[in-house]
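Enquirer: There's a structure below that I have some questions on.
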Amino acid sequence: MNIVVCVKQVPDTATERKLRSDDKTLDRDAVDGVINELDEYAVEEALKLKEAHGGDTTVTVLTMGPAKASETIRKALAMGADKAVHLIDDALHGSDALSTSYAMAQALAKTGFDLVVLGSESTDARTGVLAAMLAERLGVPQLTLAKKVEVDGTAITIERVAEYGYDKVQATLPAVVSVVEKINDPRYPSFKGIMAAKKKPVETLSIADADIAGDQVGLAGAWSEVAEFATAPPRAAGTIVKDEGDGGTKTADYLATKKFI
Ligand SMILES: Cc1cc2nc3c(=O)[nH]c(=O)nc-3n(C[C@H](O)[C@H](O)[C@H](O)COP(=O)(O)OP(=O)(O)OC[C@H]3O[C@@H](n4cnc5c(N)ncnc54)[C@H](O)[C@@H]3O)c2cc1C
């Protein structure tokens, strides 16, 4: 089974994100990049499927991003993925979700795949649409929000989270699946894994290598753009109620003025 995991590098959520003033895209150079949280679960799920199916099953990491994203690729390789494809080209800068899905579908046409595994959303843009867009472009079924994944021959079955519990959803490979948090317990890269990752193959693909049309990606190809941006106003200090035996009344009066009660 040829499993490809889509892994995105995102700004460290602990750092303040800024948009570049020149083109209003996220200033990814100004902050540390980390592996998108849900993609650690996606990598772990792919590795578990590999361990369960063995044989010639391989796990390939696919990342679209600037040179800096290679740190994140190495992390996924250190967890145990076999190899990686880094889709890297200045022309991809500023791609929106539609363009990203087009570019990654072109890369997947090159890598081939039986199963594409993604996180259900990224922590920077959170559009949550890549799995659906990829499945549409690749012409394969998609199974989303998986909290459990099973593959039996060419049949894939997931438990899809729902507010009332879960649905059992089935399809036939090749397919796209997106996973949710807590589907598994991502392993920490061992020292041996980190050392081995340095030798694992990372193929870099430019837009020409992946037959990607330059006018379909990047700022040039984006169907949406950030028109302007404003930082949220600092939170106003709260109201402090000093309890001199009348704390309850004061609180009730405050809630009443705010029409909470
Ligand atoms: C603050 C901000 C707001 C944005 N708003 C929009 C918007 O409103 N509309 C729009 O079209 N675009 C928007 N973008 C651009 C969009 O983020 C990128 O095109 C992005 O790569 C795809 O969207 P996503 O991360 O939201 O995907 P999601 O669907 O949230 O990501 C799901 C999964 O897709 C995979 N994935 C996503 N990107 C990559 C990648 N580059 N490499 C490998 N795997 C990947 C990961 O497995 C991830 O877990 C925005 C970007 C930022 C930073």
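Enquirer: For the chain, set up a Gaussian network in which alpha carbons nearer than 10 Å are linked by springs, and say which option among V43, V226, V140 fluctuates the most.
Expert: V226
Enquirer: OK, next. If each DSSP helix of 4+ residues adds -39,500 (n - 2.57) and the sum is divided by the residues in the chain, what number results at 222 nm, nearest 500 deg cm²/dmol?
Expert: Calculated mean residue ellipticity at 222 nm is -8500 deg cm²/dmol.
Enquirer: Provide the packing ranking of 87-100, 17-30, i.e. peptides ordered by the mean count of other C-beta atoms within 10 Å per residue, highest first.
Expert: Listed from highest to lowest mean packing, they are 87-100, 17-30.
Enquirer: Now, a different point. Given a 1.4 angstrom probe, what's the average accessible area per residue across segment 86-171, in square angstrom?
Expert: 46
Enquirer: I would also like to ask the following. Could you give the length gained by full extension between L219 and K68, i.e. 0.36 nm per residue of separation minus their alpha carbon distance, to one decimal place?
Expert: 52.4 nm
Enquirer: Among 199-205, 130-136, 246-252, what's the highest-first ranking by average C-beta atoms within 10 angstrom per residue?
Expert: 130-136, 199-205, 246-252
Enquirer: Right, next: Based on the alpha carbons, how large is the Rg to Rh ratio for segment 1-93 when Rh follows Kirkwood?
Expert: Reported Rg/Rh (Cα atoms, Kirkwood Rh): 1.05.
Enquirer: Here's another thing I want to ask about it. Determine the principal axes of the Cα atoms in the chain, then give the extent along each, sorted from largest to smallest and rounded to whole angstroms.
Expert: On the principal axes, the chain reaches 73, 45, 39 Å in Cα extent.
Enquirer: Of the cross-linked pairs K147/K200; K18/K75; K48/K147; K48/K83, which ones have a Cα-Cα span greater than 20 Å in the structure shown?
Expert: Where the Cα-Cα span goes over 20 Å, the pairs concerned are K147/K200; K18/K75.
Enquirer: Roughly speaking, what is the centre-to-centre gap between segment 59-76 and segment 14-48 when only Cα atoms are used, to the nearest Å?
Expert: Taking the Cα centre of each part, segment 59-76 and segment 14-48 sit 11 Å apart.
Enquirer: For the pair K148 and E37, what calculated FRET efficiency results from E = 1/(1 + (r/R0)^6), where r is the Cβ-Cβ distance and R0 = 25 Å, to the nearest 0.05?
Expert: 0.85
Enquirer: Next question. Taking only Cα atoms and a 10 Å spring cutoff, compute GNM fluctuations for the chain and point out the largest among E51, E71, E228.
Expert: For the chain, modelled as a Gaussian network with Cα springs under 10 Å, the answer is E228.
Enquirer: Sticking with this structure for a sec: At a Förster radius of 25 Å, what calculated FRET efficiency corresponds to the Cβ-Cβ distance of A125 and Y254, to the nearest 0.05?
Expert: Calculated transfer efficiency: 0.10.
Enquirer: Further question: What is the magnitude of the charge dipole of segment 2-232 about its Cα centre, with +1 placed on the Cβ of each Lys and Arg, -1 on the Cβ of each Asp and Glu, and no other charges, expressed in debye to the nearest 20?
Expert: Dipole magnitude for segment 2-232 comes out near 660 debye.
Enquirer: Here's a follow-up. For the chain, which whole-number percentage of the solvent-accessible area (1.4 Å probe, protein heavy atoms only) is attributable to carbon and sulfur atoms?
Expert: 53
The values are calculated or read from the model by the stated rules, or taken from the named source; none is laboratory data. These figures come from a predicted structure and were not determined experimentally. Here the Cβ is made from the backbone with ideal geometry for all residues, glycine too, and neighbour counts use every protein chain on show. The area values use the complete protein model at the heavy-atom level, side chains included, leaving out ligands, DNA and RNA. Shrake-Rupley method; radii C 1.70, N 1.55, O 1.52, S 1.80 Å.
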